[in-house]
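Participant: This is the structure I want to talk about, given as structure tokens.
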Amino acid sequence: MKPLVIRSAVVASLGGLIFGFDTAVISGAEKQIQEVFDLSAGMLGFTVTTALLGTILGALVAGRPADTYGRKKVLLVIGILYLVGALGSALAPNVALLMIFRFLGGIGVGASSVVAPIYTAEVAPPANRGRLVGLVQFNIVLGILLAYASNAIIRAIMDGPDAWRWMLGVMAVPSAIFLLLLATVPETPRWLMSVGRNEEGEITSRRLCMTEEEARKQIDEIHASLDAARNSASVPFFTRGHRKVIMLAVAIAFFNQMSGINAILYYAPRVMEQAGAAENTAYLMSVGVGVVNLIATMTALTVIDKLGRRRLMLVGSIGYLISLGFLAAVMFYFESAGFNSLSSVLVLLGLAVFIAAHAFGQGAVIWVFISEIFPNRIRGRGQSLGSLTHWVFAAITSWAFPPIVELLGGGVAFSIFFVFMVGQLIWVLKVMPETKGVPLEEMEAKLGLTHDPNDRGGPAPVMH
């Protein structure tokens, strides 16, 4: 691979780092926010979930601008939203402004989950696409780890009423770096050619490919797919021919969040405190969970293009069932017997296995899979739908988790997630296709999709 390909993928994936940081940083700040603004439990839950409401909007609206104005321009807007959200949240004088700036940052997160994988997939060679798109997920988990570590450090240095402001404001640093580095990478050749900038697209393709032959092949494939999908902006999305990929994207995004991953990430210190850990110990345990997350993700990225997406999902699904079943059993037992230091260690062990299973399976696969399965003519909207589904259920589980634990106990909460993961295992075994190593222009034929000529997108591309 050329250095420009790697640099482009790395820069786009920095959006994932901020995405991950924003996801986890609130776990260290939420208690102080509740105290400083004198919030009820319900109002705290809404304040925490405000960012997720922003992600839903970001995921909903990002697809069309990415197709219309370009991947790179939308990434630039995302970087600005990250920066404004971080600084505004840190300086907010009241809870209303805090929620507004959390919401703006959330829009950036949701949009990033749509655009960054598309950008990376369109600059990456098929043989390395999984690994490079997976850099987004790597940086998400790196951001989560950095957020947990940053929270623990800030708490140790300044455990005062303004510590939460520093926790939220630190995100401005990677946001500024992201904006600066974004100026050094090109727009994708696929998008350039899709809007008629053929010469610029071909030049960019040659900059990205190792040889003239490789560039010529990529250019010809892009032209063929775009000719088949002319007038893509007017192609209807919800059609019978697209039904299969729509259901695949919705299913993987639904199962991703019904594992409970975001709820656990948001409330990890609280979960461990309730299981018997001291407050300071709970923060350090969160860092340990972040390290496991990072290691498992790195392992997955080294094998995703060898083992394939489906096999990783299978391993992850089994890991989900083992860990969630164990956590439910531990919580049921100690809720009646009383929590202590042993219960906190057992819960930490269960959470570590759960995070490893998620990182190796769903975490590594979801954005790669969704970015690959949609035809070129609807890829932006397809990624948007998958991301929207992901964030809607992230908001639902994150909002519902605290009251379920309070009213019914942690055993019931983890049991609910367990049942949904049984469903995921069945889906992986019976429904999920393998997309490893298939060029984007050939994916439609691989999945056996049909394309209605009345959709004004022309006939489906023929695989040679």
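The values are calculated or read from the model by the stated rules, or taken from the named source; none is laboratory data. Owing to the predicted nature of the structure, the values given are computational and were not obtained by experimental measurement. Glycine also receives a Cβ, built like all others from the backbone with ideal geometry; neighbour counts cover every protein chain displayed.
Participant: Which of the residues that make up the range 76-127 are more than 27 Å from Thr389 (Cβ to Cβ) and either modelled with pLDDT under 85 or in contact with a strand residue (DSSP E or B) (Cβ under 9 Å, 6 or more places away or on another chain) (or both)?
Facilitator: Matches in the range 76-127: Pro125, Ala127.
Participant: Further question: I'm trying to understand the selection: among the residues of the range 405-421, which are surrounded by 14 or more Cβ atoms within 10 Å (Cβ to Cβ) and either in contact with a His (Cβ under 7 Å, 6 or more places away or on another chain) or assigned to a helix (DSSP H, G or I) (or both)?
Facilitator: Val405, Gly410, Gly411, Val412, Ala413, Phe414, Ser415, Ile416, Phe417, Phe418, Phe420, Met421 - these are the residues of the range 405-421 that are surrounded by 14 or more Cβ atoms within 10 Å (Cβ to Cβ) and either in contact with a His (Cβ under 7 Å, 6 or more places away or on another chain) or assigned to a helix (DSSP H, G or I) (or both).
Residue by residue, here is whether (1) charged (D, E, K, R); (2) in a loop (DSSP other than H, G, I, E, B); (3) more than 23 Å from the chain's Cα centre (by Cα) holds:
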position	(1), (2), (3)
Ala156	no, no, yes
Gly160	no, yes, yes
Leu168	no, no, no
Ser175	no, no, no
Val185	no, yes, no
Gly196	no, yes, yes
Glu200	yes, no, yes
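Participant: Inside the range 368-377, can you point out the residues that are at pLDDT 80 or above and in a helix (DSSP H, G or I)?
Facilitator: Once the filter is applied, which keeps residues that are at pLDDT 80 or above and in a helix (DSSP H, G or I), the range 368-377 yields Val368, Phe369, Ile370, Glu372, Ile373.
Participant: A further question on this structure: What residue, among those in the range 206-225 that are β-branched (Val, Ile, Thr) and part of a helix (DSSP H, G or I), is surrounded by the most Cβ atoms within 10 Å (Cβ to Cβ)?
Facilitator: Only one residue fits best here, namely Ile222.
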